[in-house]
Amino acid sequence: MHRAARLLVTVFISVAAIAAFAQAQKRLITEKDIFDFHWIGDQQISPDGARVAFVRVSVDAKKTGYTTSIWVVSTKGDEPARRMTDGEHDSTPRWSPDGKWLAFVRVPQPPAGPPSGAEAGERAHGAAPQIYMLPLSGGESWKVTDLPRGASGPEWSPDSKWIAFTSTTNPEDLARARKHEQKPEEAAARKGTPEAGPAAAKPSPEPEHVSDVRIITRSVYRINGVGYLDPKHPQHIWVIAAPQSSEDMVKPRQLTSGKFQENGIMWANDSQHIYYSTTKAEDPSYELPHADIYSVAVTGGNPERVLSINMEPRSMSLSPNGKHLAFCAETNQPIRSYTEPDLWVVDLAANAKPRNLTEKFDFDVCSGPFGDQEPPRAGGRNTVLWSHDGRSLFTTTAEHGRGNLMEFDVATGKITPVTTGNQDVASYRSTVDGSKFLVEISTPVSIGDLFWIDGPGAQPRQITHINDKLFSHLNLTEPEEFWYTSFDGKKIQAWVQKPPNFDSHKKYPLILDIHGGPHLAYGWVFEHEFQWMAAKGYVVLYPNPRGSTSYGQDFGNIIQYRYPGDDYKDLMAGVDEVIRRGYIDPNKLGVTGGSGGGLLTDWVIGHTNRFAAAVSQRDIASWAAWWYAADFTLFQPSWFKAPPFDDPQDYVERSPITYIKNVHTPLMLIVGDVDYRTPPAAGAEEMFRALKFLRRPVIMVRFPGESHELSRSGQPWHRVERLEHIVGWFDKYLQGKSRPEYDDLGPAEVGVQPGELPGRPPQPGEQKKPPKNPR
């Protein structure tokens, strides 16, 4: 017995030694590892439940963009995934219900770089996305649409006879395309030539010159990442008869028309009608969120309004019997800064009122924590799922930084977990009979893989290993979760990402990273930025201050009309809590954040000089300037009680630029040149020019062609350079490392004398010398 115990101890020691050796052989993650990341998007289960098609997103060979291809994997997980399509920009896979075909979208000749502004609607005829068909019995894929402005979002009818899709093509586009066709006889026989839809009145003659001058009449006229909106090209619903071979000459037909766009194609069980949503408002900025549900026959005719919803529904799906609609939405009364999303069910009958299944559930549905590694292209969308008998609904919830799939009883609202754990279920699907589930799970040490669940109560079984080859060589560590008490007694959840081989007896520099939104949440999800900062020797603190989601309605909305404000105090309390643990050097503190986190970074350094360096990303410096220039409006009293010309003092008091004279912290500003969400002129440019005038240490790093999504879906090289600049700035001011590209900020310019700590004014007992004459 004694010998057995000793033997067992020896075995344990050996196993531990082997594990330690294996860990020692791993290397630290780098900023350039993003070039080798792979992402999974828009996964779809085959009708027989045996396979999953998904979009595999990778960085292209030049590292200036992304490739998307369609892959397939067995739901048994007993074989590696294999590629299905050979295009470099294939997406949106959709199985036909009879299992014979796979429809997908391909961009045959993508333009160089992402389209921006008017370019998005003026692509070359051959470069527009089109629908392709792949026979699952074998053979090559072929193109089935050829619309001038492309086709997207294909959805099969239940009987596999039709494919509905959306397009922004209008009659003038069709006339222009016909004019450019080679020969009349070829044009007549050409497959994919669209039939005239209800809007296809005889087009007027094409002018010699197509003007690129924009006449703007609506308050929202451009969208971040999309560009300038084109009211002449609203998105409408089209349909095409499913071809049975590449020889079939099928013709797309437009089903809806008018100046308002439609969304959310849903087929009726009889395959004869399509439901969709639309908001018929000339300028939605003046109205509270709402939508109408319409039905249109597949054979054409006038659409009929089915019901009106006094909210903005999303993730919509029809019940198995076709009589009910499930969706997620926020109520629009009272008007709040943050309104918790709920799960709703409504009868498809005139004047029916939606029923709230989660009225007593004080967390977010159809939601999850925020990470920096969602698929940068072809992500797909989730919809609320129904059980086969219509008695249950399935969707995700966000609770305390966790995202998991839940079952909701339609009659009682009772909630039963399908998945649990410290993770984020980023997307989810179910089999045709609703008995089995496919989920994509991300954790702090995994970008995201597919897992199969053999029904409620079963444990998820991993079926893809898309990043295993790379990650098996990386020394990644789990963050430490903790809760702390803020100034007024509120409990705040936070995480600390520590360097690999962390030693609690050492003193580390700290980076406080602030999320945007402001109504978002960090959580149990992969964050490349935090892992890399930790690998560079920093402790990273990322809290969820008041205003964050996943903590209930009151916690999220408490910052209404007080943002920024007490959330700043939450952040400082978190810094104090980590410093108390003894492993942080209080003289080596850095702060950064993007969007709302950029605003708070500007605010922090205007209210304290405790930070030795700051990096503000896609920030807001002046609320008034932003109110006038952002890509969405605040015409409703959600964040402010009144516009800036009626209550200017409120905007002044809550704008970081107001406190610019207090800023002594060396500041880097990171912006995208085509960021329409937080336009540079309302943020970084104001901070930069003001601090330059004051001769304070400041530098601006601008990324050409990048939008507000730089850190998540920007050009790969730009994403890497962004990380290098952030950590390079902290290396210079927190660790004293040489960064020649920033060395033009000399003492004569910034008024900092040798021996002083940049970013902090003289402390009690110190005497600050007058600055030298500027250059």
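Taking the stated definitions as given, is Pro114 open to solvent by 10 Å² or more (accessible area, probe 1.4 Å), modelled with pLDDT of 95 or more and in a loop (DSSP other than H, G, I, E, B)? Here the answer is no, as Pro114 does not meet what is asked. A residue that is under 23 Å from the mean Cα position of the chain (by Cα) and among the β-branched types (Val, Ile, Thr) can be found somewhere in segment 378-392. Considering Thr431, Thr443, Thr419, Thr464, which residue is over 25 Å from Ser46 (Cβ atoms) and at pLDDT 95 or above? None of the others qualify; the one that does is Thr443.
Give me the residue from segment 36-77 that is among the charged types (D, E, K, R) and closer than 16 Å to Gly380 by Cβ and, out of that set, surrounded by the most Cβ atoms within 10 Å (Cβ to Cβ). Out of the qualifying residues, it is Asp42.
Among residues of segment 497-524 being within 30 Å of Phe35 (Cβ to Cβ) and touching a Lys or Arg at 6+ places or on another chain (Cβ under 9 Å), the one that is surrounded by the most Cβ atoms within 10 Å (Cβ to Cβ) is Gly523. If you go through segment 533-547 and keep only what is in a loop (DSSP other than H, G, I, E, B) and either within 22 Å of Leu510 (Cα to Cα) or acidic (Asp, Glu) (or both), you end up with Lys536, Gly537, Tyr538, Pro545, Arg546. Criterion applied to Arg336, Arg381 was being touching a strand residue (DSSP E or B) at 6+ places or on another chain (Cβ under 8 Å) and open to solvent by 40 Å² or more (accessible area, probe 1.4 Å), and the one residue passing it is Arg381.
For segment 301-312, the criterion of a residue being charged (D, E, K, R), under 26 Å from the mean Cα position of the chain (by Cα) and in a loop (DSSP other than H, G, I, E, B) is satisfied by at least one position.
Any residue that is aliphatic (A, V, I, L, M), free of Cβ contacts under 8 Å to residues at least 40 places away in the same chain and within 29 Å of Gly99 (Cα to Cα) - is there at least one of those in segment 430-441?
Yes; the residues of segment 430-441 include at least one that is aliphatic (A, V, I, L, M), free of Cβ contacts under 8 Å to residues at least 40 places away in the same chain and within 29 Å of Gly99 (Cα to Cα).
Whenever a residue of segment 387-414 is touching a residue at least 60 places away in the same chain (Cβ under 8 Å), its partners that are among the basic types (Lys, Arg) and open to solvent by 60 Å² or more (accessible area, probe 1.4 Å), lying with C-beta atoms within less than 7 angstrom and at least six residues away or across chains, give the pairs Val410/Arg391. Only helices (runs of 4 or more DSSP H) whose full extent lies in segment 648-754 are considered here, and the ones with at least 1 residues that are over 30 Å from the mean Cα position of the chain (by Cα) and surrounded by fewer than 22 Cβ atoms within 10 Å (Cβ to Cβ) are 648-653, 684-693, 716-735, 747-750.
Of the residues making up segment 525-561, those that are closer than 14 Å to Glu481 by Cβ and of a type in the set (Val, Ile, Thr) are Val525, Val540.
One residue stands out in segment 270-300 among those that are in a strand (DSSP E or B) and among the hydrophobic types (A, V, I, L, M, F, W, C): the one that is farthest from Thr256 (Cα to Cα), namely Ala291.
Sort out which residues of segment 451-489 are β-branched (Val, Ile, Thr) and either open to solvent by 60 Å² or more (accessible area, probe 1.4 Å) or part of a strand (DSSP E or B) (or both), and write them in order of number.
Ile453, Thr485
Hey, could you check segment 442-456 for residues that are free of Cβ contacts under 8 Å to residues at least 24 places away in the same chain and more than 23 Å from the chain's Cα centre (by Cα) and say which is farthest from Leu385 (Cα to Cα)? The qualifying residue farthest from Leu385 (Cα to Cα) is Asp454.
Taken over segment 626-647, the residue count meeting the criterion of being open to solvent by 20 Å² or more (accessible area, probe 1.4 Å) and of a type in the set (Asp, Glu) is 2. Could we say that Phe530 is of a type outside the set (Ser, Thr, Tyr) and assigned to a loop (DSSP other than H, G, I, E, B) here? Here the answer is no, as Phe530 does not meet what is asked. Annotation: of all residues in segment 283-332 being within 19 Å of Arg381 (Cα to Cα) and acidic (Asp, Glu), the one that is most open to solvent (accessible area, probe 1.4 Å) is Glu312.
Determine whether Thr592 is among the hydroxyl-bearing types (Ser, Thr, Tyr) and in a helix (DSSP H, G or I). So Thr592 does not fit the description; no. Each residue in segment 584-625 was checked for being open to solvent by 10 Å² or more (accessible area, probe 1.4 Å) and aromatic (Phe, Trp, Tyr), and 1 pass. The numbered conditions (1) of a type outside the set (Lys, Arg); (2) more than 23 Å from Val144 (Cβ to Cβ); (3) touching a residue at least 12 places away in the same chain (Cβ under 8 Å) are all true for Glu287 except (3). Restricting Val220, Val239, Val250 to residues that are modelled with pLDDT of 75 or more and part of a strand (DSSP E or B) narrows the list to Val239.
For the condition open to solvent by less than 20 Å² (accessible area, probe 1.4 Å), over 30 Å from Asp60 (Cα atoms) and not aliphatic (A, V, I, L, M), what is the one hit in Gly413, Gly421?
Gly413
Among residues of segment 317-343 that are under 10 Å from Cys366 (Cβ atoms) and in a loop (DSSP other than H, G, I, E, B), those with a Cβ under 9 angstrom from a residue that is among the small types (Gly, Ala, Ser) and open to solvent by 20 Å² or more (accessible area, probe 1.4 Å), sequence gap 6+ or separate chain, pair up as Pro341/Ser367. Checked against (1) over 26 Å from Arg222 (Cβ atoms); (2) free of Cβ contacts under 8 Å to residues at least 60 places away in the same chain, Val591 meets all criteria but (2).
Hey, among Gly258, Gly227, Gly192, which residue is modelled with pLDDT of 55 or more, at positive phi and open to solvent by less than 30 Å² (accessible area, probe 1.4 Å)? Answer to the selection: Gly227.
Considering only segment 348-366, I want to know if a residue exists there that is assigned to a strand (DSSP E or B), touching a strand residue (DSSP E or B) at 6+ places or on another chain (Cβ under 8 Å), surrounded by fewer than 19 Cβ atoms within 10 Å (Cβ to Cβ) and in contact (Cβ under 8 Å) with a residue 12 or more places away in the chain. Yes - at least one qualifying residue is present in segment 348-366.
The values are calculated or read from the model by the stated rules, or taken from the named source; none is laboratory data. Keep in mind the model is a prediction, meaning the values are calculated, not measured. Reconstructed Cβ throughout: ideal geometry from the backbone, glycine too, with neighbour counts over all protein chains shown. Note: areas computed on protein heavy atoms with side chains; ligands, DNA, RNA excluded. Shrake-Rupley method; radii C 1.70, N 1.55, O 1.52, S 1.80 Å.
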